[in-house]
Every structure is written in C-alpha cells, then in structure tokens.
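Here is the structure we will look at.
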Amino acid sequence: MPRYISQHTLACLTRQGAEELSRRLLGGKPVAARRVVFNMQEGKMLAEFDAPGREELEKWLAAGKFHFDWLLRIELEAAADGSLQPVP
C-alpha cells in the first residue's frame, strides 16, 4: 500500500490537544497513521500514513477536518547501509 507523509500547521494546541489529535490519527479507519510527530514550539505536525491512494487519503483527512500544508507520496526509503529500497 502506498505510503504518504503530511505536514500540518497547528494553532494554539496544548499537549492534551496534541495527544487527542494523535489518537484520532492513529486510530482512524480505513486510513490510519503509522507515526505522528509534533513540534509544539513551531506549531507543526508530521504524520506518516499507509493509504490506498492520494485521493482517498485527501478525502479521509478532509472528512476528519485534518487540514494539511502538504502531502508527499514516499516511493523509496534508505536502508541501514544507505541503499535505496522501494517502500512496500
């Protein structure tokens, strides 16, 4: 399944709000985040998803009112030895 990374700008979000947001992203169906990371000082969040396609992910994000700055499909990933491997 294709993998995506998204960036989100967060306005005035508390730690408790970030935890609730991460629970919603990680527990989503049919799309769920694999990983969610925050920078509270700059008000930014990155999320990594497995999704059937970009359109489906965009629809899922819109339905959950998760506004994003950008969305990037990941095609290759570096292995421990530096070689590039296709993302399954």
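What follows is calculated from the coordinates using simple rules that are stated; it is not laboratory data. Not measured: the values here are computed from a predicted model. Because the Cβ atoms are built from the backbone with ideal geometry, glycine has one as well, and the counts that use them run over all protein chains shown.
For the reader, a short list of remarks on this structure follows.
- With a Förster radius of 35 Å applied to the C-beta separation of Asp50 and Leu10, the computed FRET efficiency comes to 0.95.
- Approximating the spin labels as points 7 Å out from Cα along Cα→Cβ, the Asn39-to-Met1 distance works out to 2.9 nm.
- Over the chain, relative contact order from alpha-carbon pairs under 8 Å, at least 6 apart, %: 40 percent
- Helical content alone sets the calculated 222 nm signal of the chain at -7500 deg cm²/dmol, taking -39,500 (n - 2.57) per DSSP H segment of four or more residues and averaging over every residue.
- Length added when fully stretched, Ala79-Lys59, from 0.36 nm per residue minus Cα-Cα: 4.1 nm
- The orientation-averaged projected area of the convex hull spanned by the Cα atoms of the range 3-86 comes to 6.1 nm².
- Using the average count of surrounding beta-carbon atoms within 10 Å as a protection proxy, the listed peptides 42-51, 65-74 rank, highest first, as 42-51, 65-74.
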